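J.: The structure's right below; bear with me while I get my questions together.
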């Protein structure tokens, strides 16, 4: 008799946990699990980034369902309803997929943690070790906006991928209607390189997206400016 699907999932997850693999960007290795960056303080909140866990399922589901009206218009379309896409089982499926991509060196999935609790996701995807490039995407608990938390998380991530992993270029496709995301990438120091017509099907229809990018050189210059500003 075949074991129930939940057991199969847990066994598969156990196997993934037990064999962390690493891939290289130049002389730097990409860890597939066990990452923790920070914490740093932002408006009296402790902000950190860490690898996702199976136990994040309930918090992920709660936030995503509550913030559907804010996230869905800019999220990749699906024939499934939003609630169908956000069951705890859906998180397990996403977790296993993210873990597979991380073990292959194609992604660096991260969770935003505020005061020790799950508060969103910040994923690095489409990692090209040869070109030393990647793409990022983010969403955050709407109750925490306006406190600089997304920016603090973005700075933690940028410092890690540029200064530690050795990436040379990071991009972010942002829907032209997504003002909060546009504001965030500007604050991080990204530059708009152009508009991609009908780039992605999000929120039920294809929409134009701006391509934003930052290089390791741009990040180093921004970090120096920020340090000088803090010192003065």
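Each value in this text was obtained by applying a stated rule to the coordinates, not by laboratory testing. Because the structure is a prediction, the values reported are computed rather than measured. A quick note on method: Cβ atoms are made from the backbone with ideal geometry, for glycine too, and the neighbour counts reach across all protein chains shown.
J.: Taking the beta-carbon count within 10 Å as an exposure proxy, list 113, 44, 193, 94 from fewest neighbours to most.
T.: Ascending number of Cβ neighbours within 10 Å: 44, 193, 94, 113.
J.: Something else now. Give me log10 I(q)/I(0) at q = 0.13 Å⁻¹ for the chain, Debye formula, one equal scatterer per alpha-carbon, no solvent.
T.: Values returned for q = 0.13 Å⁻¹ are -0.83.
J.: So, in nm, how far is label residue 128 from label residue 76 when the simple model puts each one 7 Å beyond its Cα toward the Cβ?
T.: 1.8
J.: Given that compact globular proteins tend to follow 2.2 N^0.38 Å, what is the ratio of the alpha-carbon Rg of the range 158-209 to that value? Write out the running numbers ahead of the final one.
T.: Numbers: Rg = 13.0 Å, N = 52, 2.2 N^0.38 = 9.9 Å.
Rg over 2.2 N^0.38 Å, computed on Cα atoms: 1.32.
J.: Here is a further query. Which of 81, 143, 223 has the fewest other C-beta atoms within 10 Å, and how do the rest follow up to the most?
T.: Working: 81 9, 143 12, 223 16.
So the ranking, lowest neighbour count to highest, is 81, 143, 223.
J.: While we're here: Taking Cα atoms, how many degrees apart are the long axis of helix 179-188 and the longest axis of the chain, rounded to 10 and kept between 0 and 90?
T.: Tilt relative to the chain: about 60 degrees.
J.: Please give the calculated 222 nm ellipticity per residue for the chain, where each DSSP H segment of at least 4 residues contributes -39500 (n - 2.57) and the sum is spread over every residue; nearest 500 deg cm²/dmol? Intermediate results must be reported in sequence, preceding the final value.
T.: Details: 7 runs with 80 residues, N = 232.
Here the helix-only value at 222 nm equals -10500 deg cm²/dmol.
J.: Now for a different question. Quick one: helix 149-158 against the long Cα principal axis of the chain, what's the angle to the nearest 10°, folded into 0 to 90?
T.: Helix 149-158 and the main axis of the chain meet at about 80 degrees.
J.: In nanometres, what is the gap between the two model label sites at residue 68 and residue 196, each 7 Å from Cα along Cα-to-Cβ?
T.: For the pair residue 68/residue 196, the computed spacing is 2.8 nm.
J.: Residues in the range 168-196, backbone N under 11 Å from the label point at residue 208 (7 Å along the Cα-to-beta-carbon vector): list them, ranges by number please.
T.: 176-177, 195-196
J.: Just the projected area, averaged over all directions, of the convex hull on the alpha carbon atoms of the range 91-179: how many nm²? Present the calculation step by step, with values, prior to reporting the outcome.
T.: Working: hull surface 27.1 nm².
The number I arrive at for the range 91-179 is 6.8 nm².
J.: So, one more: What do you get for the angle between helix 5-18 and the principal long axis of the chain? Use alpha-carbon atoms, 0 to 90 degrees, nearest ten.
T.: 40
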